[in-house]
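Input: a single structure, listed below in structure tokens.
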Amino acid sequence: MALIECPSCQQRISSKVTRCRFCNADLSGNTDSLTTISHIKRSNQLMNHSMLSMTLFIAGVVIWFWGGEPAQGIRSYIAGGCFVLGFVGYMITRMRMVLHKRKSV
């Protein structure tokens, strides 16, 4: 008995089981399709995170320069927070996407 990764949820399970105890996926047949579907779902999830972070970044820039002049007061804090969170989130998500691609090859 060896520990393998479930092709659907990537949790470590026994090689002798016919169903994953975490996601209840059927492991008795061909698991290549489950692996492919899981990979596509994860890629789409990471792409959505990337787009959300980019939207937050752009919202920070728009809030900062709304009205033609740089923000002041509370608006500058909100804009700066959106800008920083969007940028950091985007960079982290891009690194996760690169690692996800490397794992699949």
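Taking each DSSP H run with n ≥ 4 as -39500 (n - 2.57) and averaging over every residue of the chain yields -22500 deg cm²/dmol at 222 nm.
Scanning the chain for chymotrypsin sites (Phe, Trp or Tyr not before Pro) that sit in a DSSP loop and have at most 15 other Cβ atoms within 10 Å, the longest stretch containing none of them is 23-65. Estimated at 0.36 nm per residue, the fully extended path between CYS9 and MET51 surpasses their Cα-Cα distance by 12.8 nm. Computed 3J(HN,Hα) for the range 20-36, one whole-Hz value per residue from the Karplus formula 6.51 cos²θ - 1.76 cosθ + 1.60 where θ = phi - 60°, is 6, 7, 8, 10, 6, 6, 7, 10, 7, x, 6, 9, 5, 5, 5, 5, 5, glycine and proline marked x. Backbone geometry of the range 81-97 corresponds, through the Karplus equation with coefficients 6.51, -1.76 and 1.60 at θ = phi - 60°, to 3J(HN,Hα) couplings of x, 4, 4, 5, 4, x, 5, 5, x, 5, 5, 5, 5, 5, 5, 5, 5 Hz, x marking Gly and Pro. Each Cα pair under 8 Å and six or more residues apart adds its separation to the average, and for the chain the resulting relative contact order is 21 percent. For the chain, the square roots of the Cα gyration tensor eigenvalues, ordered a ≥ b ≥ c, give a/c of at least 1.5 with a/b greater than b/c, which places it in the prolate category.
For the chain, the share of accessible area belonging to carbon and sulfur comes to 63 percent (1.4 Å probe, ligands and nucleic acids excluded).
The values are calculated or read from the model by the stated rules, or taken from the named source; none is laboratory data. Treat the numbers as computed from the prediction; the structure is a model and nothing was measured. Note: ideal-geometry Cβ built from the backbone for every residue, glycine included; neighbour counts use all protein chains shown. In case anyone asks, the SASA skips ligands and DNA or RNA and just uses the protein heavy atoms, side chains included. Shrake-Rupley method; radii C 1.70, N 1.55, O 1.52, S 1.80 Å.
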